[in-house]
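A short worksheet on the structure shown next.
The values are calculated or read from the model by the stated rules, or taken from the named source; none is laboratory data. Since this is a predicted model, take the numbers as computed values, not measurements. Cβ coordinates were reconstructed from backbone atoms using ideal geometry, including for glycine residues, and neighbour counts include every protein chain displayed. To get the accessible areas, we keep the full protein, side chains included, count just its heavy atoms, and leave off ligands, DNA and RNA. Shrake-Rupley method; radii C 1.70, N 1.55, O 1.52, S 1.80 Å.
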Amino acid sequence: MATGVTLRRLWPFVAPERRRLLNAFLLASALTTVEVFTPVAVGVLVDRLLGQLDGGREALLSTWGERGILATLLLAAPVRGLLLSRQRALEGDIGQRVTARIRRAVWIHLQRLPIAYTQRRGPGRLLLRFIGDSRAVQSMVGQGLVRLSQDLMVAAGILLTLVILNWRMSLPVLLTVPLQALVFWRFNPILRKDSQVRRRRRSNLSAYLSGRVAGLAIARPALGSTAEMDRFNAANRGIARRGARVAATNGRILGLSATAVGLSGVLVLMIAIGEAAAGRLTAGTMLTYYTLIGLLSPIFERVALANRYFQEGQISIDRLTELLSQPIEASAENGRELEVREGTISVEDLTFCYGEEPDVLRGATMEARRGEVVAVTGPNGAGKSTLLELLLRYQEPAGGRILIDDQDIAEVSPDSVRARIGFVSQHVPLLDGTVAHNVTIGATEEVTEARLERAARLSGADGLIARLPDSWATKVSEGRRGLSHGERQRLALARALLSDPPILILDEVGPMLDSDEGLAARLQELAEHKTLIIAATHVPAYLRVDRIYVLERGRLVEKSPVLPDARNDLIREDGVADDVAESVA
């Protein structure tokens with residue numbers, strides 16, 4: 001039953017390979033013919049040669065029949081090698097194509113899932129879907145499904161030939177088939193359970209290491225502590241123990257299969273003695289029998305190995321199916337677009353919590369309008385980033401609503417909300433590629449050099465670009481050193497300003513503003529034509545704030561800003577004001 005369900009889930013990805021599967025079937029048929037023909041031809045040749053011994057040595061190979069058999073056997077050897085080569089290449093090709101199709105489907109679906117789901121799963125577990133689970137499916141399709149079908153076809157051809165040659169001697173061999181099925185029936189549930197536990201523990205270890213490796217530079221002393229090492233060792237040993245149990249179960253399956261084949265060979269020999277005494281068995285037939293039985297033994301071993309691939313593949317298919325069945329964002333199918341006219345944001349009685357934890361936000365209410373600089377402050381963990389994620393629809397509130405120009409953002413497309421909000425997050429990852437790629441990624445229209453340079457000036461990234469060895473073409477990546485946190489945020493701000501969004505939201509950019517008073521002035525100039533919200537643990541003293549909200553116990557409490565106006569006297573670079581005016585014109 002489980003196998004049938006797995007194959008039905010897998011079929012949409014396998015179906016486009018019907019032509020290659022047909023070619024695999026034809027190759028298996030040809031290989032079966034060659035595999036069975038070779039020992040049968042040898043047996044016939046032996047009988048003919050023994051029958052000619054009475055005629056003397058000069059009579060051996062004196063007829064065209066014997067010579068023809070030898071010539072055919074000589075031809076069969078390279079033909080078999082060619083068929084095996086093509087068969088292995090084809091099964092690998094089919095496995096790779098099916099796996100690539102699955103990875104593509106998972107990646108597309110992952111981009112449509114709520115951000116909350118991907119955050120909850122974490123990068124370590126999600127990467128295993130692309131690497132570990134995809135590899136298991138590839139083995140299941142190539143070395144499991146395709147090769148298993150080919151081996152079963154060859155085994156069926158051998159068994160049919162044995163029955164035709166001598167049905168009495170075939171009975172012990174035929175008995176091994178239900179015995180093999182009984183072994184699988186007994187041990188497959190154990191194998192599947194141990195594989196599931198090992199896969200789950202491996203996923204947990206991957207998630208654990210992903211977070212630790214990311215913070216290795218700052219957390220190295222803590223990671224070497226006794227408690228951390230004990231935790232790692234426990235997880236590592238747990239995976240090893242389960243892996244050993246999986247190997248032991250596979251060993252039992254293989255051992256019992258080999259025992260069944262060996263015993264059947266002895267029984268065949270016992271029956272052969274009686275058949276020879278009755279004159280129903282020739283030396284050539286006996287040789288053919290044992291040659292064919294010898295071919296069955298490695299086939300049964302490969303069937304046991306394919307069964308292992310199948311059990312592990314079923315687990316991966318279940319996990320991938322679970323991911324693909326996750327509902328996409330609530331309104332992702334809603335084609336209604338958010339229309340921003342004034343850019344007024346109204347947060348009304350907002351409530352949010354993570355799972356069973358206490359509420360992060362409780363009845364939070366605030367307002368931000370175009371032309372204002374609105375600050376949201378509070379200590380770390382107060383819920384500032386959560387509030388911004390709700391504004392961007394990365395999370396969905398448990399209660400209350402968020403309006404943009406009197407439009408409930410829960411009723412419009414999430415993509416249209418994010419397209420109209422320029423967002424600079426607290427943590428800015430770098431994508432493998434150039435600096436220009438990191439700034440222009442996601443742009444929906446052609447990015448001219450003038451627009452790119454203007455975004456760099458407005459964000460204060462122009463100085464950074466000038467210092468880089470290859471300017472915009474400088475290669476960057478997440479694991480490569482060289483860009484500070486503030487420099488990353490400048491690139492993120494340039495990316496946000498590139499599309500000239502009507503709403504701009506900045507998360508924890510205090511350090512960036514502290515190091516560049518001119519940037520604070522440029523942001524205030526931009527705020528005359530945009531809705532600007534800044535979330536930070538502290539607001540620089542020289543940044544004029546029109547409205548300030550403090551997060552206290554999940555509520556937004558509005559305070560009277562007492563910060564000085566620094567709108568004009570902090571513009572230190574020539575042409576900056578003109579750039580601002582031009583960008584919002």
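Of note:
- In the context of the full set of protein chains, residues of region 305-380 present 46 Å² of accessible surface per residue (probe radius 1.4 Å, heavy atoms only).
- Among beta bridges that DSSP assigns inside the chain, antiparallel share in %, nearest 5: 55
- Area of K530 that stays accessible when all protein chains are in place (1.4 Å probe, Å², to 10): 10
- For the chain, a/c is not less than 1.5, where a ≥ b ≥ c are the root eigenvalues of the C-alpha gyration tensor, and a/b tops b/c. That puts it in the prolate class.
- Carbon/sulfur fraction of accessible area - the chain, other protein chains in place, 1.4 Å, %: 58
- Extension gain, N380 back to D93 (0.36 nm per residue minus Cα-Cα distance, nm): 98.2 nm
- Residue-count net charge about R302 - beta-carbon cut-off 15 Å; Lys, Arg +1, Asp, Glu -1: -1
- I190 paired with V550, simple spin-label distance in nm, labels 7 Å along Cα-to-beta-carbon: 6.6
- Per residue, region 130-178 exposes an accessible area of 40 Å² to a 1.4 Å probe, with every protein chain left in place.
- Cα→Cβ-extended label distance, 7 Å offset, between L287 and L179, nm: 2.8
- A cut-off under 11 angstrom between Cβ atoms defines the neighbours of R369, and their net charge, with Lys, Arg +1 and Asp, Glu -1, is -2.
- Whole-number percent relative contact order across the chain, with pairs defined as alpha carbons under 8 Å at least 6 apart: 15
- Counting only protein heavy atoms and a 1.4 Å probe, region 450-504 has 44 square angstrom of accessible area per residue.
- Taking a point 7 Å out from the Cα of T321 in the direction of its Cβ, the residues of region 173-206 whose backbone N falls within less than 17 Å of it are 189, 192-193, 196.
- With Cα atoms, 0 to 90° folded angle of helix 449-459 axis to the chain main axis: 60
- Eligible lysines near K530 by straight Cα distance, threshold 27 Å, same-chain separation 8 or greater: K384, K559
- Taking Cβ atoms as reference points and 13 Å as the exclusive limit, the residues near G274 contribute a net charge of +1, counting Lys and Arg as +1 and Asp and Glu as -1.
- Simple label model, 7 Å out from Cα along Cβ direction - A77 to L403, nm: 8.8
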